[in-house]
Structures are given as structure tokens and as C-alpha cells.
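Working notes, structure below.
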Amino acid sequence: MKYIQVEEKPPIYRIILNRPPVNVLNVEMIRELTSAVEVASTSPDVSVLVITGAGEKGFSAGADIQDHLPERVSEMLQEFHRLFQKLEECPAVTVAGVHGYCLGGGCELALFCDFVIADESARFGLPEIDVGCFPPVALALLPNRMSVKKSAEWILTGKTYPVQEAVQMGVVNRLAPAGQLETVLQEFISLLTSKSPAVLKLTKRAFQKALTLPLDSALIEMNRLYLEELTRLSDMMEGLTAFLQKRKPAWTGR
């Protein structure tokens, strides 16, 4: 692939944005990202999908301005939104590792992941309004990830926020010291890979369903998933048995 690198070390699949100096997302790069997400989604051995940015300057400074011009914007939005649809469908838990610039479409990409790990250099922002545009994914996403007033502030002011404010707003899960992003990212990933891959993916799906349903319907659906799908996994019995026997479980992913 031209604009991304992929590292597959099951149960981890890592996508590295690699379009220096600031990993600007053009249409071809977005297509490569989508293809990589599809590979991770269809691999039975992958339970954690990690997205990081190459280089010292940042995760991604957003979508290419050239692709916002009238003759190109329709194709760009179609491909960009397809990427997020594939991320939404991905059964693996998604983790963004962020340093430096995380702006515009890059910010949308990071915040769309299930978890965000960032170091002290990270700066988040949605500057689209400053160039006469708005961020469609952020408009759909942020009111469900932070308060309505804060999400309006991000989208309508175009301000860039230091990572500490993003932590306070609840959109960053872990803050790493400067230069320690990879260490903290690996520690967090280890928390996920220590779980049963099958149970982890099922629990993510249950979580996604619960977000979209009223309480009564959510309880009914959680009960169904538990009895009809979770109890059929051999890893559930292994986890319970290991606890009773005071040993570490030996997950099989089934």
C-alpha cells in the first residue's frame, strides 16, 4: 500500500498512517484505510485494531483541502463515510494512538475509535469551519461522545484543544507522558488482549447495541445476547472454571 503501513500480529492488527509530514488523508489513502479495516474485520484471529500515525508531527492533520473542492468533494465524502461504516461494523475493538496534530478528518478518525490513547504532544481540533466547511462525521458523532455544548464548541469555533482538555471532556482514555505514547499504548492493548477474543468482540457488539436502544429494549437484547450467544462460547465456561480453580484462563477464542 502507498499511504499506509500494516502490521498484523494476531490478535493485534495495526494500521499506520504514513503520508508525511502530517499524514493528510486523500481519497486514495482513505480507500487504503478502508481496505485494511475490511481485512482486520474478516480475520478471525484479530480482536484489536490499532491506528497510529507515522512521523514526529502528528497522527493526521485531516483530509486534503484539494478533495473539498466542488468537483472532488462528493467522491471524497463517499469514500470517507464508507471508511467509518466499515469501522462501525468492525468486530475488533479499535484503539487510536495519537501524538501531535489530530485535526479535521484525522480527529474524526481518532475519536470514532472505541478508545483513544494520546501523549502530551497531542492537539485535537475540527478547523473545517475556518475554511468554509463543516465536519459531517463529527456532527453525527460528537454529541454522543461529549456534552452537546462542548461538541458545538468544537465544531462551531474550529478551536484546537490541548490533550489535557480532551481528557477532561472524556474523549481520551489515557494520557501518556511526552515520548511515551507507544509504552502506554502497549500497556492498554495488553489489557484488551488478555481477554478472550471471542468474548471481547461479542461484548463490543453488545455495547454498540445498548447505545442505540431505550433501556427496556436494551435489557431484552442484552439478555438475548447473553443466553443465545455468550453461553455458547467455550471461553465463557473456561473463564468461569479458571476463576473457580484459581488459575489463569486458557482462551481458545471460541
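Only the coordinates and a few stated rules stand behind these numbers; no lab work does. Here the structure is a predicted model, which is why all the values come from computation and not from measurement. Methodologically, a virtual Cβ is constructed for each residue, glycine included, from the backbone with ideal geometry; neighbour enumeration extends over all protein chains shown.
Please compute one quarter of the surface area of the Cα convex hull for segment 1-99 and express it in square nanometres. Could you put the intermediate results ahead of the total?
On the way: hull surface 23.5 nm².
For segment 1-99, the mean projected area of the Cα convex hull comes to 5.9 nm².
Spatial offset of segment 123-142 relative to segment 194-222 amounts to 29 Å, using the alpha carbon center of each. Among the listed pairs 195/246; 86/204; 2/86; 159/204; 201/246, a Cα-Cα separation exceeding 22 Å is found for 159/204; 201/246. When the P(r) of segment 161-254 is calculated, the portion above 23 Å amounts to 48% of the C-alpha pairs. No solvent, one uniform scatterer per C-alpha: report log10 I(q)/I(0) for segment 207-254 via the Debye equation at q = 0.26, 0.29, 0.33 1/Å, two decimals. Rounded to two decimals, the profile gives -0.86, -0.94, -1.08.
Normalised size of segment 4-47, defined as Cα radius of gyration per 2.2 N^0.38 Å with N residues, equals 1.21. Given a Förster distance of 22 angstrom, what is the FRET efficiency for residue 75 paired with residue 39, based on the Cβ-Cβ distance and rounded to 0.05? For residue 75 and residue 39, the calculated efficiency is 0.45.
In square nanometres and to one decimal, what's the mean projected area of the convex hull around the Cα atoms of segment 108-159?
Details: hull surface 15.2 nm².
Value for segment 108-159: 3.8 nm².
The convex hull defined by the C-alpha atoms of segment 58-177 has an orientation-averaged projected area of 6.9 nm². Determine, at each q value in 0.12, 0.13, 0.14, 0.17 (inverse angstroms), the log₁₀ of I(q)/I(0) that the Debye formula gives when each Cα of the chain is one equal point scatterer. Here the Debye-derived log intensity ratios amount to -0.73, -0.85, -0.98, -1.34.
Once every DSSP H run of n ≥ 4 in the chain is given -39500 (n - 2.57) and the sum is divided by its residues, what mean residue ellipticity at 222 nm do you get, rounded to the nearest 500 deg cm²/dmol?
Values: 10 runs with 121 residues, N = 254.
That calculation yields -15000 deg cm²/dmol at 222 nm.
Angle of helix 181-193 to the longest C-alpha principal axis of the chain, folded into 0 to 90 degrees and rounded to 10: 30°. As a ratio to 2.2 N^0.38 Å, the alpha-carbon radius of gyration computed for segment 51-116 takes the value 1.17.
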